[in-house]
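Q: I have a structure I would like to understand better, so I am pasting it below and will then ask my questions one at a time.
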Amino acid sequence: MKVKCDICGKEIDLSVEICNYNLNTDKSMHVHCQLEESVKKMLNQAASTELERANSLYPQFHSAHEAESVLREELEECADELESIQETLKYLWENIRSNDTGQQQSALNQLKRCAENIAIEVNQFRAMCEKAQAFYDKEGVE
Ligand SMILES: [Zn+2]
């Protein structure tokens, strides 16, 4: 039996794929589509919260140049966090080779913190994109 996913619009072949059926809305969806939707909702919420925080501290952008510099700085911070992840992953690998399970665990804990940090930085980047959009909207730029 086949039904249509209410999120991506593609077919769900119920004989091979897992499908969520929402009794309240009478909708069917791929499990991965529904998970993605709920993650997107959380990310949208996080970006709005970050934008509100930034707007309470700093004025709106005055120019496209200013918006671009802020975005570039935010991207650099994302890149720094990515570099930490790469270094820590290398450290994990070194300790796998030397069979030091204690240090492997410590590297893994560090990687989890790094993942959280990069998510925060990416969220700030996203929020600054929204802020740049607000600048263009105000300017009446198409
Ligand atoms: Zn789907």
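Bear in mind these aren't lab numbers, they're just calculated from the coordinates by the rules spelled out. Not measured: the values here are computed from a predicted model. In this analysis, Cβ positions are derived from the backbone assuming ideal geometry, glycine residues included, and neighbour counts consider all displayed protein chains.
Q: Looking only at segment 89-134, how many residues end up being surrounded by fewer than 16 Cβ atoms within 10 Å (Cβ to Cβ) and closer than 16 Å to ALA79 by Cα?
A: Residues that pass the stated criteria total 6.
Q: Can you tell me how many residues within segment 18-60 are exposed (fewer than 14 other Cβ atoms within 10 Å of the Cβ) and over 30 Å from GLN124 (Cβ atoms)?
A: So the answer is 8.
Q: Let me ask something else. Considering only segment 1-12, how many residues are exposed (fewer than 12 other Cβ atoms within 10 Å of the Cβ) and touching a residue at least 12 places away in the same chain (Cβ under 8 Å)? Quick ask: steps written out before the conclusion?
A: Pass one, segment 1-12, residues exposed (fewer than 12 other Cβ atoms within 10 Å of the Cβ): 1-2, 9-10.
Those left that are additionally touching a residue at least 12 places away in the same chain (Cβ under 8 Å): 1-2, 10.
Residues in segment 1-12 being exposed (fewer than 12 other Cβ atoms within 10 Å of the Cβ) and touching a residue at least 12 places away in the same chain (Cβ under 8 Å): 3 in total.
Q: Still on this model: Residues in segment 32-40: is at least one in contact with a helix residue (DSSP H, G or I) (Cβ under 9 Å, 6 or more places away or on another chain) and within 28 Å of ASP137 (Cβ to Cβ)?
A: Of the residues in segment 32-40, the ones in contact with a helix residue (DSSP H, G or I) (Cβ under 9 Å, 6 or more places away or on another chain) are none.
No - not one qualifying residue is present in segment 32-40.
Q: Tell me yes or no: at least one residue of segment 26-46 is in contact (Cβ under 8 Å) with a residue 60 or more places away in the chain, out of contact with any strand residue (DSSP E or B) (no Cβ under 8 Å at 6 or more places or on another chain) and more than 16 Å from the ligand (Cβ to nearest atom).
A: Taking segment 26-46 as the starting set, the residues that turn out to be in contact (Cβ under 8 Å) with a residue 60 or more places away in the chain are 43, 46.
Of the ones still in play, those that are also out of contact with any strand residue (DSSP E or B) (no Cβ under 8 Å at 6 or more places or on another chain) are 43, 46.
Now restrict to residues that are more than 16 Å from the ligand (Cβ to nearest atom): 43, 46.
Yes: segment 26-46 contains one or more residues that are in contact (Cβ under 8 Å) with a residue 60 or more places away in the chain, out of contact with any strand residue (DSSP E or B) (no Cβ under 8 Å at 6 or more places or on another chain) and more than 16 Å from the ligand (Cβ to nearest atom).
Q: So, LEU82, is that one closer than 21 Å to ASN123 by Cα and either within 16 Å of the ligand (Cβ to nearest atom) or surrounded by fewer than 10 Cβ atoms within 10 Å (Cβ to Cβ) (or both) or not? Before the answer, list the steps.
A: Numbers: closer than 21 Å to ASN123 by Cα: yes; either within 16 Å of the ligand (Cβ to nearest atom) or surrounded by fewer than 10 Cβ atoms within 10 Å (Cβ to Cβ) (or both): no.
No: the conditions fail for LEU82.
Q: How about segment 7-17: which of its residues are more than 8 Å from the ligand (Cβ to nearest atom) and closer than 15 Å to GLU37 by Cβ? Write out each step before concluding.
A: Restricting attention to segment 7-17, the residues satisfying the condition of being more than 8 Å from the ligand (Cβ to nearest atom) are 11, 13-17.
Of everything in segment 7-17, nothing turns out to be more than 8 Å from the ligand (Cβ to nearest atom) and closer than 15 Å to GLU37 by Cβ.
Q: Is it the case that GLU52 is in contact (Cβ under 8 Å) with a residue 12 or more places away in the chain and among the acidic types (Asp, Glu)?
A: Judged against the criteria, GLU52 is not a match.
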